[in-house]
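Note sheet for the following structure.
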Amino acid sequence: MMPEALKLDRIDIRILGHLQANGRITNVDLADAVGLSPSPCLIRVKRLEKAGYITGYGALIQLEKLGAMQVVFTQVTLSDHRREDFVKFETAIRKIDEVVECHLVSGGFDYLLKFVTRSVGHYQTIMEEVLERSVSIEKYFSYIVIKSPFVKTHYPIEKLFSSHE
């Protein structure tokens, strides 16, 4: 059963913005930041969690500190474009832990994937395994990331969903 959709107001949006930037913020500090007292703030947070707007809390990991890694973006074009072809591809890709993002896109190819692997060789091994699964890949292009000057881990929620145009 789907959680009931809520009508969000500007305070709900501010709560979401603050929580995505700092999921460990105390309820007292969050309430102060959004202009509420702690009890109503906590009620709103619990309501946002129950409705599925907040899906979890986690730690951001600096992968480079753990060791060498390689980010690769991959454009994938499927050979057939029937509904079952898309489902088959997405089901197979979802099972690959190193694929951290999968986007169905419009334009010159069908999917844009983001891989995080140990090395280019590791990435190639994964792609060979994917190709052996017969998931209707006609062609793919790999883009090895040399450097990521920045990667934002939060969305500009207040700018995207404010009532002001």
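The values are calculated or read from the model by the stated rules, or taken from the named source; none is laboratory data. From a predicted model like this one, the values you see are computed outputs, not experimental measurements. Neighbour counts are summed over all protein chains in view; Cβ atoms, including those assigned to glycine, are modelled from backbone coordinates with ideal geometry. For the accessible areas, the whole protein counts, side chains as well, though only heavy atoms, and no ligand, DNA or RNA atoms are used. Shrake-Rupley method; radii C 1.70, N 1.55, O 1.52, S 1.80 Å.
The GNM of the chain, with springs linking C-alpha atoms under 10 angstrom apart, assigns the highest mean-square fluctuation among Gly107, Gly35, Gly17 to Gly107. Scanning the chain for chymotrypsin sites (Phe, Trp or Tyr not before Pro) that sit in a DSSP loop and have at most 10 other Cβ atoms within 10 Å, the longest stretch containing none of them is 58-149.
For Val145 and Leu6, the FRET efficiency from 1/(1 + (r/R0)^6), where r spans their Cβ atoms and R0 equals 30 Å, is about 0.20.
Before anything else, pin down the relative contact order of the range 1-135: Cα pairs under 8 Å, at least 6 apart, normalised by residue count, whole percent. This gives 20 percent for the range 1-135.
Roughly how many percent of the accessible protein surface of the range 1-103 is carbon and sulfur, given a 1.4 Å probe and a whole-percent answer? Mind dumping the intermediate values first?
Numbers: 3890 of 7140 Å².
Result for the range 1-103: 54 percent of the exposed heavy-atom area is carbon or sulfur.
Net charge near Leu78: determine it from the other residues with C-beta under 10 Å of the C-beta of Leu78, scoring Lys and Arg +1 and Asp and Glu -1. Let's see the in-between values first.
On the way: positive: Arg82, Lys88, Lys139; negative: Asp80, Asp85, Asp110, Glu138.
Result for the neighbourhood of Leu78: -1.
Compared with the alpha-carbon gap, the fully stretched path from Phe73 to Asp85 is longer by 2.2 nm at 0.36 nm per residue. Which label belongs to the value computed from this structure, given these candidates for volume of the Cα convex hull per residue in Å³: (i) 114; (ii) 150; (iii) 175? Of the listed options (i) 114; (ii) 150; (iii) 175, (iii) comes from this structure.
By the helix-only formula, in which each DSSP H run with n ≥ 4 contributes -39500 (n - 2.57) and the sum is divided by residues, the chain has a 222 nm mean residue ellipticity of -11500 deg cm²/dmol. Per residue, the accessible area of the range 36-76 comes to 68 Å² when a 1.4 Å probe rolls over the protein heavy atoms. Extension gain for the segment Gln62 to Val105, taken as residue separation times 0.36 nm less the Cα-Cα distance, is 12.6 nm to one decimal.
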